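Encoded as structure tokens, the structure appears first; notes follow it.
Please treat every number below as a calculation from the coordinates, not as lab data. None of the values given here were measured: they were computed from a predicted structure. No Cβ is skipped: glycine too gets one built from the backbone with ideal geometry, and neighbour counts run over all protein chains shown.
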Amino acid sequence: MHPYLLHSGHLLLPTFGVLAAVGLMAALTLSLRTASIVGLNPERLWNAGLFTLLAAFALSRLLLIVTNLHDFIQYPILLLMVPSLNITGILLTILATAIYLRLRNLLIFDTLDAWSPCATLAWAFLALGHFAEGSDAGLPTTLPWGLPIPPNTIRLHPVAIYAAIVATILTLILLRQLQHRSHPGDTFAMALATAGTAQFLLTFFRQPYPDTGPLDPIQWISLGMIALAGIVLLLQPRKLVTHAV
């Protein structure tokens, strides 16, 4: 594993952070192409994606400060370095993004369709980042591709690699589906259903969360994604899409 690309004295450059940044930039760049496919202005979709990323960062940090105000006053830099994106931050980011799209007159389902392959591309890079830092540990395996991920000496399923492969395949599938979608929202629903199913199945190779009941948190989220995909298909008006040549 290579958790740091650069480690010199107090200077640390985490591999996960670098891959996450590269993945997000790749996703934004891909959005320029997917915007054209769904008939949106590429520059406006780029700006919307950038707004969403900045909103997620700012809102998650703001929540972290508000809920840990005493610690922030004493150790501001250390606290801001703590990973802080949680369910509340995600919900606030979704709300802020929805308001932004409304103000910019960007059709929500067309935007979500265009963002779907971009999101799975970012997922692939994040999964590689988890592999590099040795997180997302898998269950023991005797399969030849099992890896002894530190601090373990026994071979484990490289779940992060599985996730990266799945995310890459989904990106290609969604790009193809986007070019042939019949209605706005179809690609987004497909992304939710396939990514949710993939995440649910990947949990069977991961080390389980302790004392979480019949399903672990990722499985609940995965089922929620699949259910939301069904709701999108049921509620979205069936307006045919005219494909640009």
Fewest Cβ neighbours within 10 Å first, please rank Asp113, Asp211, Asp216 accordingly. Asp211, Asp216, Asp113
Estimated dipole of the chain in Debye, rounded to 20 [Cβ of Lys and Arg +1, of Asp and Glu -1, Cα centre]: 580
With at most 13 neighbouring Cβ atoms within 10 Å, loop chymotrypsin sites (Phe, Trp or Tyr not before Pro) (DSSP) excluded, longest segment of the chain: 1-144
Would you mind checking the tilt of helix 87-103 against the longest principal axis of the Cα atoms of the chain, expressed as 0 to 90 degrees and rounded to 10? 30
Could you list Ile87, Ile221 in order of exposure, starting from the residue whose Cβ has the fewest other Cβ atoms within 10 Å? Ile87, Ile221
Only four residue types carry charge here, +1 at the Cβ of Lys and Arg and -1 at the Cβ of Asp and Glu. Report the dipole size of region 103-245 about the Cα centre in Debye, rounded to the nearest 20. 380
FRET efficiency for Leu54 and Ile87, Cβ-Cβ distance as r, R0 = 22 Å, nearest 0.05? 0.70
Length added when fully stretched, Ile154-Ile173, from 0.36 nm per residue minus Cα-Cα: 3.4 nm
Roughly how many whole Å is it from the C-alpha centroid of region 11-31 to that of region 103-166? 14
Charge tally in the Cβ shell below 12 Å around Thr187, where Lys, Arg are +1 and Asp, Glu are -1, Thr187 excluded: -1
Can you list the equivalent-ellipsoid semi-axes of region 31-116, largest first and in whole Å, using the square root of 5 times each Cα gyration tensor eigenvalue? 32, 12, 9
Calculated percent of Cα pairs over 31 Å apart (choose from [x] 23; [y] 30; [z] 48), label: [y]
